[in-house]
Amino acid sequence: METLKKNILAGSLSPVYFFHGPESFLKEEFTALIRSTAFPDEAEAAANTHILYGPDITPGELVARASEYPMFTPRQLIVVRQFDKIKKPVGKDQQKQHEMKFAGYMKNPAEFTILVFDAEQLDKKDVDKPPYSLLKSFRHDFPLLKTPDLFAAARAHEAGWEFDPEALKAFTAYIQPSSREICQEIEKLTTYASSRQGERRITAADVYECVGISKTYNVFELEKAVAGRNLRLSSGISLMIMEREGQKEGLGNIVRYLTTFFMRLWKIAQPEVRAMPQGEIAKVLGMYGRQEYFVRSYLSYAGAFSSIQAERAITALKDTDAALKGLSPYPDEKYLLLRLMQQLLG
């Protein structure tokens, strides 16, 4: 994505873009970037940007629109949303004709039109069929975020801010791994922290106060209680989190956080991993940038659970997650939570 961004900012625009995947916020951002680069001012952009929707237009009709010269301007932008649901012509002969028109255009796209196709996640079997298969050379994938912590740190850095390690850990533990929500919350955080004189740093206190996380009953205190094998304290903190966040959502957050926690404990329980330099251990644990700071905590936790105990914990967490998703019956969330804590620490 960095290469794509650099090319657009440098004014090197492609006649066609195929944005594919579920990360809608980033697709919207790149479309807006193309628009601002393509036109000298907002008035011209507004007059020459056309938004179409896949269910309303066939491939052949789309080619006809893209082939029309824009009026009073050298360039036009056509954005096709819901391209994964593009309208199919009636009859196989018609479908073949439209497919041929579309294929012909993609081999020689008009110089005066920029086409942006915005599609949700498609099955592999569909991606390999027309019209999507004709767009391989124009395709840019936008999967869901796999490393929200790195994304959050990079976005804050772009805005001229840096997360303290504890702040980044708190932020990514409580914010949904969605680029849209992360960017919105970072904007709030930087606005909030701007009232403080000094370095442009986001502290843990900023996150606690702005995002609304209790300093006593949060997943970090829960992590310490679990690592100390304190069943009573772990259960109490978990119940308070659920009370604050809602029973189901709170338990879901606890399960997600502890699954990552025990996966890391399982990895660090392997002798070959513990023998590595700290920077390499961080990579194995999926901890990058400022999160490397917490590798020492996991090394100190390593003696609390054997690899077999960590495996059992991961299984218990998976079973709890399945129950929350309705795949097995349960009396209520508090019962699920207390049973889970017994399985983890009993």
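Key figures
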| quantity | calculated |
| --- | --- |
| Hits in the stretch 295-346 (condition: small (Gly, Ala, Ser) and either over 17 Å from Val226 (Cα atoms) or out of contact with any helix residue (DSSP H, G or I) (no Cβ under 6 Å at 6 or more places or on another chain) (or both)) | Ser297, Ser300, Gly303, Ser306, Ala322, Ala323, Gly326, Ser328, Gly346 |
| Answer from His140, His157 - the residue that is closer than 27 Å to Phe25 by Cβ and free of Cβ contacts under 8 Å to residues at least 40 places away in the same chain | His157 |
| Any hit, the stretch 188-207, residues being closer than 30 Å to Ser306 by Cβ, in contact with a Phe, Trp or Tyr (Cβ under 9 Å, 6 or more places away or on another chain) and either of a type in the set (S, T, N, Q) or crowded, with 19+ Cβ neighbours inside 10 Å (or both) | no |
| Matching option when the condition is in the same structural domain as Leu134 (by the TED database), at pLDDT 95 or above and under 20 Å from Arg139 (Cβ atoms), among Phe18, Phe112 | Phe18 |
| Failed item in (1) in contact with a Lys or Arg (Cβ under 7 Å, 6 or more places away or on another chain); (2) closer than 30 Å to Trp161 by Cα; (3) crowded, with 18+ Cβ neighbours inside 10 Å; (4) at pLDDT 85 or above, with Glu333 passing the rest | (2) |
| Odd one out for Glu162 among (1) assigned by the TED database to the domain that holds Pro55; (2) farther than 18 Å from Ser24 by Cβ; (3) not aliphatic (A, V, I, L, M) | (1) |
| Top-ranked residue of the stretch 1-29 - restricted to ones that are open to solvent by less than 60 Å² (accessible area, probe 1.4 Å), over 20 Å from Lys146 (Cβ atoms) and hydroxyl-bearing (Ser, Thr, Tyr), ranked as farthest from the chain's Cα centre (by Cα) | Ser14 |
| Output for the stretch 277-291, where each listed residue is open to solvent by 50 Å² or more (accessible area, probe 1.4 Å), out of contact with any Phe, Trp or Tyr (no Cβ under 9 Å at 6 or more places or on another chain) and more than 17 Å from Lys146 (Cβ to Cβ) | Pro277, Gln278, Glu280 |
| Asp321 at pLDDT 90 or above, surrounded by fewer than 18 Cβ atoms within 10 Å (Cβ to Cβ) and under 20 Å from Ser238 (Cα atoms) | yes |
| Every pair of residues 6+ apart whose Cβ atoms lie under 6 Å, when the first sits in the stretch 107-122 and is in contact (Cβ under 8 Å) with a residue 24 or more places away in the chain while the second is in a strand (DSSP E or B) and not hydrophobic (A, V, I, L, M, F, W, C) | Thr113/Gln76; Val116/Tyr17; Asp118/Arg81; Ala119/His20 |
| Single match in Ala32, Ala45 (criterion: open to solvent by less than 60 Å² (accessible area, probe 1.4 Å), under 22 Å from Lys5 (Cα atoms), free of Cβ contacts under 8 Å to residues at least 12 places away in the same chain and small (Gly, Ala, Ser)) | Ala32 |
| Those strands (runs of 3 or more DSSP E) lying entirely in the stretch 65-177 with at least 1 residues acidic (Asp, Glu) and open to solvent by less than 60 Å² (accessible area, probe 1.4 Å) | 113-119 |
| Given (1) over 25 Å from Leu299 (Cβ atoms); (2) under 19 Å from the mean Cα position of the chain (by Cα), number of the condition Tyr257 does not satisfy | (1) |
| Index of the failed condition, Gly326 passing every other in (1) free of Cβ contacts under 8 Å to residues at least 12 places away in the same chain; (2) more than 28 Å from the chain's Cα centre (by Cα) | (2) |
| Test: Ser235 is more than 22 Å from Gln291 (Cα to Cα), surrounded by 19 or more Cβ atoms within 10 Å (Cβ to Cβ) and at pLDDT 85 or above | yes |
| Arg256 vs. criteria within 30 Å of Trp161 (Cα to Cα) and either charged (D, E, K, R) or open to solvent by 80 Å² or more (accessible area, probe 1.4 Å) (or both) | yes |
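The values are calculated or read from the model by the stated rules, or taken from the named source; none is laboratory data. Everything numeric here is computed off the predicted structure, so don't read it as measured data. Virtual Cβ from ideal backbone geometry, glycine too; neighbours counted across all protein chains shown. SASA here: full protein model, heavy atoms, side chains in, ligands and nucleic acids out. Shrake-Rupley method; radii C 1.70, N 1.55, O 1.52, S 1.80 Å.
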